[in-house]
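See structure below.
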There are 2 protein chains.
Amino acid sequence: MARAATTSDVFNAIAEPQRREILLLLRAGERPVTELARELGMTQPGASKHLRVLREVGLVRDRRAGKQRLYGLDARGLRPVHEWTGGFEQFWNESFDRLDAYLQGLDRTGQEE
Amino acid sequence: MARAATTSDVFNAIAEPQRREILLLLRAGERPVTELARELGMTQPGASKHLRVLREVGLVRDRRAGKQRLYGLDARGLRPVHEWTGGFEQFWNESFDRLDAYLQGLDRTGQEE
DNA sequence: CCATCATATTCCCTTATCGGTATGCGTCAA
DNA sequence: TTGACGCATACCGATAAGGGAATATGATGG
(Lines give C-alpha, C1' and ligand atoms only; values in the text may rest on other atoms or scores of the structure.)
Protein backbone atom coordinates (compact mmCIF):
# COMPACT_ATOMS: atom_id res chain seq x y z
CA MET A 1 0.00 0.00 0.00
CA ALA A 2 2.32 2.66 -1.23
CA ARG A 3 1.75 6.25 -0.40
CA ALA A 4 -1.67 5.61 1.08
CA ALA A 5 -4.39 8.13 0.37
CA THR A 6 -1.82 10.63 -0.74
CA THR A 7 -2.87 10.44 -4.34
CA SER A 8 -4.95 13.24 -5.74
CA ASP A 9 -3.68 15.46 -2.98
CA VAL A 10 -2.12 18.81 -3.67
CA PHE A 11 0.79 18.08 -1.35
CA ASN A 12 1.53 15.01 -3.37
CA ALA A 13 1.17 16.79 -6.67
CA ILE A 14 3.86 19.30 -5.80
CA ALA A 15 6.13 16.66 -4.31
CA GLU A 16 7.36 15.95 -7.81
CA PRO A 17 10.15 18.31 -8.91
CA GLN A 18 9.09 18.31 -12.55
CA ARG A 19 5.56 19.17 -11.65
CA ARG A 20 6.82 22.10 -9.65
CA GLU A 21 8.77 23.18 -12.69
CA ILE A 22 5.65 23.06 -14.78
CA LEU A 23 3.80 25.25 -12.34
CA LEU A 24 6.61 27.76 -12.30
CA LEU A 25 6.61 27.94 -16.07
CA LEU A 26 2.88 28.40 -16.23
CA ARG A 27 3.14 31.56 -14.18
CA ALA A 28 4.27 33.23 -17.38
CA GLY A 29 1.11 32.19 -19.15
CA GLU A 30 -0.66 29.35 -20.88
CA ARG A 31 1.27 26.87 -22.93
CA PRO A 32 0.59 23.86 -25.11
CA VAL A 33 1.86 20.49 -23.97
CA THR A 34 4.60 20.19 -26.53
CA GLU A 35 6.14 23.49 -25.59
CA LEU A 36 6.15 22.55 -21.92
CA ALA A 37 7.81 19.28 -22.74
CA ARG A 38 10.43 21.00 -24.81
CA GLU A 39 11.20 23.68 -22.25
CA LEU A 40 11.57 21.14 -19.47
CA GLY A 41 13.47 18.58 -21.48
CA MET A 42 10.95 15.79 -21.11
CA THR A 43 8.99 13.69 -23.51
CA GLN A 44 5.52 14.69 -24.59
CA PRO A 45 3.83 11.74 -22.85
CA GLY A 46 5.81 12.56 -19.75
CA ALA A 47 4.54 16.10 -19.75
CA SER A 48 0.99 14.93 -20.40
CA LYS A 49 1.08 12.59 -17.46
CA HIS A 50 2.32 15.23 -15.08
CA LEU A 51 -0.26 17.64 -16.37
CA ARG A 52 -2.92 15.06 -15.73
CA VAL A 53 -1.95 14.86 -12.08
CA LEU A 54 -1.92 18.62 -11.80
CA ARG A 55 -5.29 18.83 -13.48
CA GLU A 56 -6.82 16.24 -11.18
CA VAL A 57 -5.89 18.24 -8.11
CA GLY A 58 -7.04 21.41 -9.79
CA LEU A 59 -3.73 23.20 -10.12
CA VAL A 60 -4.00 23.60 -13.86
CA ARG A 61 -6.83 24.09 -16.28
CA ASP A 62 -6.87 23.16 -19.93
CA ARG A 63 -8.52 24.84 -22.81
CA ARG A 64 -8.72 23.81 -26.41
CA ALA A 65 -7.24 26.10 -28.98
CA GLY A 66 -7.58 24.48 -32.35
CA LYS A 67 -5.48 21.38 -32.47
CA GLN A 68 -3.63 22.46 -29.41
CA ARG A 69 -4.58 22.22 -25.79
CA LEU A 70 -3.42 25.11 -23.71
CA TYR A 71 -2.65 24.55 -20.06
CA GLY A 72 -3.00 27.40 -17.64
CA LEU A 73 -2.23 27.83 -13.99
CA ASP A 74 -4.91 27.74 -11.33
CA ALA A 75 -2.90 28.49 -8.25
CA ARG A 76 -5.79 28.58 -5.83
CA GLY A 77 -5.02 25.03 -4.75
CA LEU A 78 -1.62 26.12 -3.52
CA ARG A 79 -3.12 28.38 -0.96
CA PRO A 80 -3.87 25.60 1.55
CA VAL A 81 -0.25 24.51 1.34
CA HIS A 82 0.90 28.02 1.95
CA GLU A 83 -1.38 28.33 4.91
CA TRP A 84 -0.43 24.97 6.31
CA THR A 85 3.25 25.80 6.30
CA GLY A 86 2.38 29.24 7.59
CA GLY A 87 1.08 27.55 10.69
CA PHE A 88 4.68 26.80 11.53
CA GLU A 89 6.02 30.26 10.96
CA GLN A 90 6.47 31.08 14.61
CA PHE A 91 8.40 27.87 15.03
CA TRP A 92 11.03 28.45 12.44
CA ASN A 93 11.89 31.70 14.15
CA GLU A 94 11.74 30.24 17.61
CA SER A 95 13.96 27.44 16.42
CA PHE A 96 17.06 29.48 16.84
CA ASP A 97 16.35 29.86 20.51
CA ARG A 98 14.72 26.75 21.75
CA LEU A 99 16.11 24.22 19.35
CA ASP A 100 19.69 25.23 19.78
CA ALA A 101 19.37 23.97 23.29
CA TYR A 102 18.39 20.57 21.97
CA LEU A 103 21.19 20.49 19.50
CA GLN A 104 23.84 21.08 22.09
CA GLY A 105 22.33 18.44 24.30
CA LEU A 106 22.13 15.72 21.72
CA ASP A 107 25.55 16.35 20.31
CA ARG A 108 26.83 15.33 23.70
CA THR A 109 25.10 11.97 23.67
CA GLY A 110 25.09 11.10 20.02
CA GLN A 111 28.53 12.03 18.78
CA GLU A 112 30.18 8.60 18.90
CA GLU A 113 28.82 7.45 15.59
CA MET B 1 12.46 4.59 -11.20
CA ALA B 2 9.64 5.54 -8.94
CA ARG B 3 9.36 9.00 -7.60
CA ALA B 4 12.75 9.98 -9.00
CA ALA B 5 14.96 12.21 -6.90
CA THR B 6 12.02 13.18 -4.77
CA THR B 7 13.26 11.23 -1.83
CA SER B 8 14.86 13.09 1.04
CA ASP B 9 13.11 16.19 -0.13
CA VAL B 10 11.01 18.31 2.19
CA PHE B 11 8.19 18.48 -0.32
CA ASN B 12 8.09 14.73 -0.36
CA ALA B 13 8.30 14.41 3.40
CA ILE B 14 5.16 16.48 3.88
CA ALA B 15 3.34 14.74 1.05
CA GLU B 16 2.43 12.00 3.50
CA PRO B 17 -0.68 12.83 5.55
CA GLN B 18 0.52 11.01 8.63
CA ARG B 19 3.79 12.85 8.59
CA ARG B 20 1.93 16.11 8.44
CA GLU B 21 -0.05 14.97 11.46
CA ILE B 22 3.16 14.27 13.30
CA LEU B 23 4.45 17.74 12.59
CA LEU B 24 1.22 19.30 13.76
CA LEU B 25 1.36 17.38 17.01
CA LEU B 26 4.95 18.33 17.63
CA ARG B 27 4.02 21.99 17.62
CA ALA B 28 2.74 21.40 21.12
CA GLY B 29 6.10 20.13 22.25
CA GLU B 30 8.44 17.18 22.22
CA ARG B 31 7.09 13.68 22.45
CA PRO B 32 8.42 10.14 22.68
CA VAL B 33 7.74 7.82 19.78
CA THR B 34 5.23 5.66 21.59
CA GLU B 35 3.07 8.59 22.51
CA LEU B 36 3.06 9.85 18.95
CA ALA B 37 2.08 6.41 17.74
CA ARG B 38 -0.74 6.22 20.24
CA GLU B 39 -2.09 9.68 19.52
CA LEU B 40 -2.11 9.06 15.80
CA GLY B 41 -3.37 5.52 15.95
CA MET B 42 -0.43 3.93 14.24
CA THR B 43 1.99 1.24 15.23
CA GLN B 44 5.28 2.06 16.86
CA PRO B 45 7.36 0.88 13.90
CA GLY B 46 5.14 2.93 11.67
CA ALA B 47 5.76 6.04 13.70
CA SER B 48 9.49 5.36 13.81
CA LYS B 49 9.66 5.03 10.08
CA HIS B 50 7.85 8.28 9.46
CA LEU B 51 10.01 10.00 12.02
CA ARG B 52 13.06 8.72 10.25
CA VAL B 53 11.97 10.39 7.04
CA LEU B 54 11.23 13.61 8.85
CA ARG B 55 14.59 13.47 10.57
CA GLU B 56 16.47 12.88 7.34
CA VAL B 57 15.04 16.02 5.81
CA GLY B 58 15.68 17.91 9.01
CA LEU B 59 12.12 18.60 10.05
CA VAL B 60 12.47 16.93 13.43
CA ARG B 61 15.28 16.50 15.89
CA ASP B 62 15.63 13.78 18.44
CA ARG B 63 17.07 13.88 21.88
CA ARG B 64 17.59 11.11 24.36
CA ALA B 65 15.82 11.32 27.65
CA GLY B 66 16.62 8.22 29.60
CA LYS B 67 15.17 5.22 27.86
CA GLN B 68 13.01 7.42 25.75
CA ARG B 69 13.83 9.39 22.66
CA LEU B 70 12.05 12.67 22.45
CA TYR B 71 11.24 14.07 19.05
CA GLY B 72 10.96 17.79 18.61
CA LEU B 73 9.98 20.01 15.74
CA ASP B 74 12.51 21.85 13.64
CA ALA B 75 10.25 23.81 11.34
CA ARG B 76 12.97 25.72 9.55
CA GLY B 77 12.80 23.30 6.67
CA LEU B 78 9.20 24.26 6.03
CA ARG B 79 10.16 27.78 5.23
CA PRO B 80 11.24 27.03 1.64
CA VAL B 81 7.89 25.39 1.00
CA HIS B 82 6.09 28.39 2.39
CA GLU B 83 8.13 30.69 0.22
CA TRP B 84 7.71 28.56 -2.86
CA THR B 85 3.95 28.56 -2.59
CA GLY B 86 4.12 32.24 -1.71
CA GLY B 87 5.52 32.80 -5.17
CA PHE B 88 2.05 32.02 -6.47
CA GLU B 89 0.17 34.29 -4.15
CA GLN B 90 -0.61 36.90 -6.76
CA PHE B 91 -1.98 34.18 -8.98
CA TRP B 92 -4.54 32.76 -6.63
CA ASN B 93 -6.03 36.21 -6.30
CA GLU B 94 -5.81 36.96 -9.97
CA SER B 95 -7.42 33.62 -10.67
CA PHE B 96 -10.87 34.93 -10.07
CA ASP B 97 -10.43 37.43 -12.85
CA ARG B 98 -8.32 35.88 -15.52
CA LEU B 99 -9.12 32.24 -15.00
CA ASP B 100 -12.82 32.64 -14.99
CA ALA B 101 -12.45 33.67 -18.57
CA TYR B 102 -10.79 30.36 -19.33
CA LEU B 103 -13.40 28.39 -17.52
CA GLN B 104 -16.24 29.86 -19.48
CA GLY B 105 -14.36 29.27 -22.68
CA LEU B 106 -13.55 25.65 -22.08
CA ASP B 107 -16.96 24.77 -20.80
CA ARG B 108 -18.20 25.66 -24.19
CA THR B 109 -15.88 23.30 -26.02
CA GLY B 110 -15.46 20.50 -23.52
CA GLN B 111 -18.94 19.91 -22.19
CA GLU B 112 -19.90 16.95 -24.33
CA GLU B 113 -18.11 14.37 -22.18
C1' DC C 1 25.10 -9.68 34.08
C1' DC C 2 20.12 -10.08 33.25
C1' DA C 3 15.52 -8.63 32.46
C1' DT C 4 12.83 -5.02 30.81
C1' DC C 5 11.29 -1.11 28.49
C1' DA C 6 11.59 2.14 24.40
C1' DT C 7 12.81 2.53 19.91
C1' DA C 8 15.02 1.24 15.47
C1' DT C 9 15.59 -1.89 11.88
C1' DT C 10 14.61 -5.77 8.85
C1' DC C 11 11.88 -8.64 5.99
C1' DC C 12 7.95 -9.37 3.18
C1' DC C 13 4.04 -8.09 0.53
C1' DT C 14 1.15 -5.03 -2.01
C1' DT C 15 0.66 -1.13 -4.60
C1' DA C 16 1.77 3.32 -6.66
C1' DT C 17 4.79 5.96 -9.24
C1' DC C 18 7.94 7.40 -12.91
C1' DG C 19 9.95 6.90 -17.38
C1' DG C 20 9.83 5.24 -22.05
C1' DT C 21 7.72 3.51 -26.26
C1' DA C 22 3.93 2.55 -28.94
C1' DT C 23 -0.59 3.53 -30.06
C1' DG C 24 -5.27 5.64 -30.01
C1' DC C 25 -8.20 9.63 -30.59
C1' DG C 26 -9.68 14.14 -31.97
C1' DT C 27 -9.00 18.13 -34.90
C1' DC C 28 -7.87 20.59 -38.91
C1' DA C 29 -6.68 21.24 -43.88
C1' DA C 30 -7.07 19.86 -48.50
C1' DT D 1 -12.27 11.17 -46.64
C1' DT D 2 -7.61 11.10 -45.97
C1' DG D 3 -3.36 12.52 -43.93
C1' DA D 4 -0.82 15.19 -40.69
C1' DC D 5 -0.51 17.12 -36.36
C1' DG D 6 -1.18 17.55 -31.14
C1' DC D 7 -2.10 15.26 -27.33
C1' DA D 8 -3.80 11.42 -24.26
C1' DT D 9 -3.70 6.83 -22.97
C1' DA D 10 -2.10 1.97 -22.55
C1' DC D 11 1.38 -0.96 -21.63
C1' DC D 12 5.79 -2.33 -19.68
C1' DG D 13 9.71 -2.53 -16.55
C1' DA D 14 12.12 -0.89 -12.64
C1' DT D 15 11.85 1.26 -8.25
C1' DA D 16 10.55 2.38 -3.97
C1' DA D 17 7.05 3.59 -0.64
C1' DG D 18 3.86 2.32 3.12
C1' DG D 19 2.00 -1.18 6.37
C1' DG D 20 2.50 -5.21 9.34
C1' DA D 21 4.97 -8.51 12.09
C1' DA D 22 9.09 -10.07 13.95
C1' DT D 23 13.46 -9.00 15.62
C1' DA D 24 17.59 -6.31 16.82
C1' DT D 25 19.66 -2.53 19.39
C1' DG D 26 20.26 0.45 23.30
C1' DA D 27 19.63 2.21 27.81
C1' DT D 28 18.12 1.37 32.58
C1' DG D 29 17.30 -0.89 36.99
C1' DG D 30 18.28 -4.46 39.99
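The values are calculated or read from the model by the stated rules, or taken from the named source; none is laboratory data. Because the structure is a prediction, the values reported are computed rather than measured. Quick reminder, even Gly has a Cβ in these numbers, built from the backbone with ideal geometry, and neighbours come from all protein chains shown. Ligands, DNA and RNA are excluded from the accessible area calculation, which covers all protein heavy atoms including side chains. Shrake-Rupley method; radii C 1.70, N 1.55, O 1.52, S 1.80 Å.
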### Query
Over region B:1-76, what relative contact order in percent results from Cα pairs under 8 Å that are six or more residues apart?
32 percent
## Note on the structure
So, in nm and shortest first, the distances from residue B:87 to its counterparts in the other copies, with label points 7 Å along Cα→Cβ, work out as 2.5
## Note on the structure
Result for interface chain B to chain A, accessible surface buried in total, 1.4 Å probe, Å² to 100, stands at 4300 Å²
### Task
On the protein heavy atoms, probe 1.4 angstrom, tell me the percent of accessible surface of region B:1-70 carried by carbon and sulfur.
48 percent
### Task
Once the label point is placed 7 Å from Cα along Cβ, list for residue A:21 the distances to the corresponding points in the other copies, in nm, shortest first.
3.5
### Query
residue A:55 to residue B:44: FRET efficiency via 1/(1 + (r/R0)^6), r the Cβ-Cβ distance, R0 35 Å, to the nearest 0.05?
0.35
#### Entry: Delta accessible area of at least 10 Å² on complex formation, residues of region B:45-65, 1.4 Å probe, chain isolated as reference
B:61, B:62, B:63, B:64
### Message
Is the C-alpha gyration tensor of region A:6-68 telling us rounded, prolate or oblate? Criteria: a/c under 1.5 is rounded; beyond that, a/b larger than b/c is prolate, otherwise oblate.
### Response
prolate
### Query
Counting only other chains, what is the mean number of Cβ atoms within 10 angstrom of the Cβ of each residue in peptide A:77-83?
6
### Summary
FRET efficiency for residue A:28 and residue A:83 from the Cβ-Cβ distance with R0 = 30 Å, rounded to 0.05, comes out at 0.75
